[in-house]
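Let me begin by presenting the structure, written as structure tokens, before commenting on it.
The values are calculated or read from the model by the stated rules, or taken from the named source; none is laboratory data. Small disclaimer: the values here were computed from a predicted structure and weren't measured. Because the Cβ atoms are built from the backbone with ideal geometry, glycine has one as well, and the counts that use them run over all protein chains shown.
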Amino acid sequence: MYSHSQQILVKRSSYAIGVVGLSILFFIALQWLLPSVLWLSLCFLFLTASVALYTFQLYYNKPIGIKNNFIESQSLTNRGAIGILLGFVLTGFYCCLYWYPELLGKGTTMNSGLIALFDPLSFALKKQQASEWFVYGVLYTFAILIFGIKFIIKYWGNRYQMYRTISVIFFQIIFAFLLPEFMLRMNLPYNDLKNMWPLNYYFFDSWNVGNLFNAGFLGKLMFYWGIAMIFIISPVLTYLYGKRWYCSWVCGCGGLAETAGDPFRQLSDKSIKAWRLERILIYSILLLAIIMTIGVIYTSRTGLEYLAGISTATLRSWYGFLIGAVFSGVIGVGFYPILGSRVWCRFGCPMAAILGIQQRFFSRFRITTNSGQCISCGNCSKYCEMGIDVRSYAQRGENIVRASCVGCGICASVCPRGVLKLENDGTNVLDRLNKTKTSFIKESEIQRIR
Ligand code: SF4
Ligand code: SF4
């Protein structure tokens, strides 16, 4: 047990340690400190210690259950000054990453500043100096790992939340980060095997197909794996489990939204207007991705630059700029503290659009509701990061089969009455995952009494 004043002290200490860790990055970016392995290690050490202490003071000795206390009154999580400042910092970082990497220290022959700080790690993994994307990959993976652990502690006891978070951490570290870096070390093309078209919008670009086919048997295998993901693996898994198999268990964008973005999930807009905008935007972007890809394939097959009077190269580069960089990166992550954590997944991701259509019309997945138990508290709607007004379905006792639902299960987890159940054709996933534990406790209890 520890007192309130001790809790405040631990909280402030966690802030102070975090500021020291971030200051190291900041000073190195400004070239006031020389990059070295020591600074890199200290920076990660301080940031890890900061999140660990913060998590400790938030959840230590608290009863099992969902802990979202004070979320409305904190400046960071309620679009206050700190939240807006964080939004600016993240947006600025993304702008540098995409368009001004030299500000981060990218050099033609030698790096400096922030990017040079990651050179030793890059050399150790792939025998090449770091790029801005390597730095981004390390920070992204680190964020999913430490905030993922925080998320697991927050939802401790809820196996669905724990397992799917372990899953996104695993896929991010192994599939999105380590494997592609080792592939580069082995002179194979960079490839994130869990990333598929149209999220991976450059998959059919002639340079990518050429790289894969020039890389021998393994390269060809990666190409056919990508095709199988689009046409076989993804539709089958979506039929069986809904789009959550990808959006909440595998995808890196979803992984960051669920872990680092968790404190901002309640900021999603639940209005009908936002739902309308969501449908217009996401399906328009999907259409654009399809047209752009047809254009790219057409040009690579025929050598002709124009399709129906449109330059396929110009369309491809505008798509990369507007959707690949501005929407998915700058707005998608930079706006977490302002628009909520799944802005990209909800309004922009063409992959989510395809999975959503499959989920809506050809999937066994649904969220069932028991209106008799609902007390209309609104927790479910409030914490739905996709802006779904879950309560209105629960009040009517209607199943939720929405294209946008990513199956994160938070609505069911925060419901105090057990109204909502994630089901695959009558099989309750939450119950099944949690049953193992319950029956084990009952069994051991029976043994003890006997
Ligand atoms: S959280 Fe549960 S009880 Fe509250 S409104 Fe939603 S379904 Fe009803
Ligand atoms: S409806 Fe529930 S499971 Fe679906 S996205 Fe919203 S909170 Fe997650």
Just a yes or no: is a residue in segment 383-394 within 20 Å of residue 156 (Cα to Cα), surrounded by 16 or more Cβ atoms within 10 Å (Cβ to Cβ) and more than 9 Å from ligand 2 (Cβ to nearest atom)?
no
Note on residue 338: of the conditions (1) away from ligand 2 (no atom under 11 Å from the Cβ); (2) part of a helix (DSSP H, G or I); (3) in contact with an Asp or Glu (Cβ under 7 Å, 6 or more places away or on another chain), unmet is (3)
Among all residue pairs at least 6 apart or on different chains, which show Cβ distances below 8 Å where the first residue, located in segment 388-415, is on the phi < 0 side of the Ramachandran plot and in contact (Cβ under 8 Å) with a residue 60 or more places away in the chain and the second is part of a helix (DSSP H, G or I) and near ligand 2 (Cβ under 6 Å from one of its atoms)?
388/411
Filter segment 172-231 down to residues that are within 25 Å of residue 353 (Cβ to Cβ) and either of a type in the set (A, V, I, L, M) or in contact with a Lys or Arg (Cβ under 8 Å, 6 or more places away or on another chain) (or both), then give me how many there are.
12
Taking residue 196 as meeting all but one of (1) hydrophobic (A, V, I, L, M, F, W, C); (2) modelled with pLDDT under 95; (3) part of a helix (DSSP H, G or I), write down the number of the exception.
(3)
Just to check your reading of the model, which residue among 78, 69 is of a type in the set (S, T, N, Q), surrounded by fewer than 16 Cβ atoms within 10 Å (Cβ to Cβ) and closer than 29 Å to residue 265 by Cα?
69
Any residue in segment 368-384 that's in a loop (DSSP other than H, G, I, E, B): show its pairings with residues that are β-branched (Val, Ile, Thr) at Cβ separation under 8 Å, as long as the two are six or more apart or on different chains.
370/419; 374/419; 383/410; 383/414; 384/390; 384/410
Taking the criterion of being surrounded by fewer than 17 Cβ atoms within 10 Å (Cβ to Cβ) and over 29 Å from residue 53 (Cα atoms), would at least one residue in segment 115-122 satisfy it?
no
Go through (1) part of a helix (DSSP H, G or I); (2) farther than 21 Å from residue 282 by Cα for residue 331 and report which single condition fails.
(2)
What pairs come out if I take residues in segment 232-248 that are outside the structural domain of residue 408 (by TED's automatic domain parsing) and pair them with residues that are among the aromatic types (Phe, Trp, Tyr) and not in a helix (DSSP H, G or I) whose C-beta lies under 6 Å away, six or more apart or interchain?
239/362; 241/365; 242/365
Select from segment 332-367 the residues that are surrounded by fewer than 20 Cβ atoms within 10 Å (Cβ to Cβ) and without any contact (Cβ under 8 Å) to a residue 60 or more places away in the chain and write down the one among them that is nearest to residue 88 (Cα to Cα).
357
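Residues are listed down the side, and each one gets a yes or a no for (1) within 27 Å of residue 328 (Cα to Cα); (2) in contact with a Leu (Cβ under 9 Å, 6 or more places away or on another chain); (3) in the same structural domain as residue 38 (by TED's automatic domain parsing); (4) touching a residue at least 60 places away in the same chain (Cβ under 8 Å):
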residue: 67; (1), (2), (3), (4): no, yes, no, yes
residue: 70; (1), (2), (3), (4): no, no, no, no
residue: 97; (1), (2), (3), (4): yes, yes, no, yes
residue: 100; (1), (2), (3), (4): yes, no, no, no
Here are some residues: 301, 316. Which one is in a helix (DSSP H, G or I), touching a residue at least 40 places away in the same chain (Cβ under 8 Å) and among the charged types (D, E, K, R)?
316
Let me spell it out: the conditions are (1) more than 23 Å from the chain's Cα centre (by Cα); (2) among the small types (Gly, Ala, Ser); (3) surrounded by 14 or more Cβ atoms within 10 Å (Cβ to Cβ); (4) modelled with pLDDT of 95 or more, and residue 49 meets all of them except one. Which number is the exception?
(1)
Output the residues belonging to segment 23-42 that are surrounded by 15 or more Cβ atoms within 10 Å (Cβ to Cβ), touching a residue at least 24 places away in the same chain (Cβ under 8 Å) and not in a loop (DSSP other than H, G, I, E, B).
25, 28, 29, 39, 40
Where residues in segment 395-421 are in a loop (DSSP other than H, G, I, E, B) and within 7 Å of ligand 1 (Cβ to nearest atom), which of them is surrounded by the most Cβ atoms within 10 Å (Cβ to Cβ)?
419
